[in-house]
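All remarks here apply to the structure that follows.
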Amino acid sequence: MIKVLIADDHALFRDGLRRIFSETEDIEVVAEAVDGKDILKKARECEWDIILLDINLPDINGLDILKRILSVNTAARILVLSMYPEEEYAIRAIRSGASGYLTKDSPTDQLINVIRRLAKGGKYVNPELAEKLLFNPVLDSAALTHTTFSDRELHVFKMIVSGESLTAIANKLSLSVKTVSTYRSRILEKMNMKNNAQLVRYAIQHRLVE
């Protein structure tokens, strides 16, 4: 039996995955987590084979979670399930140590097959992405400006373009407002932009916000 930990803050999505796996003979949901702190707690407490991890979490960025889990368990099998297109986040996720990356609109059969593949020690990315990873090793830092962000900068960027104030971001990330403001300044400088409105337009253009 493949034991799965679902890490996603959307209850309807978790319910859907539970129903899908209840119809299989070899996949069992052993725990669910709704945010970064919950994921780290459940990952320590539960016996699991694979974590299904969303990138867009309300407190800690999914890529940060990925790295924290792998720093403790280098053999961890983590499948990133995201609403974001593969070309935007998959390379970053794979290079951070994810065993696979699937978008949330992938067919059910594909998800099940990928989970089984990872459980046997394999990895998964779609063929087009695999080709990019193989033949363009600098793609993740050259394709689009936001791919040069650190994971923390990317998290702050996503919160800014989602309309959150610097104070709200600081509270959620347990940082000072001054520190968040510094991150914002770095982001604007890297993007060669002057204000949040320009960041929002970029995020919409590249499907980086829900």
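The values are calculated or read from the model by the stated rules, or taken from the named source; none is laboratory data. Keep in mind it's a predicted model, so treat the numbers as computed, not measured. Because the Cβ atoms are built from the backbone with ideal geometry, glycine has one as well, and the counts that use them run over all protein chains shown.
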Reported set for the range 138-156 where residues are within 12 Å of Ala203 (Cβ to Cβ) and modelled with pLDDT under 80 is Leu144, Thr145, His146
How about the range 162-183: which of its residues are more than 17 Å from the chain's Cα centre (by Cα), assigned to a helix (DSSP H, G or I), surrounded by 15 or more Cβ atoms within 10 Å (Cβ to Cβ) and among the aliphatic types (A, V, I, L, M)? Leu166, Ile169, Ala170, Val180
Residue among Lys120, Lys104 that alone is modelled with pLDDT of 90 or more and more than 22 Å from Arg14 (Cβ to Cβ): Lys120
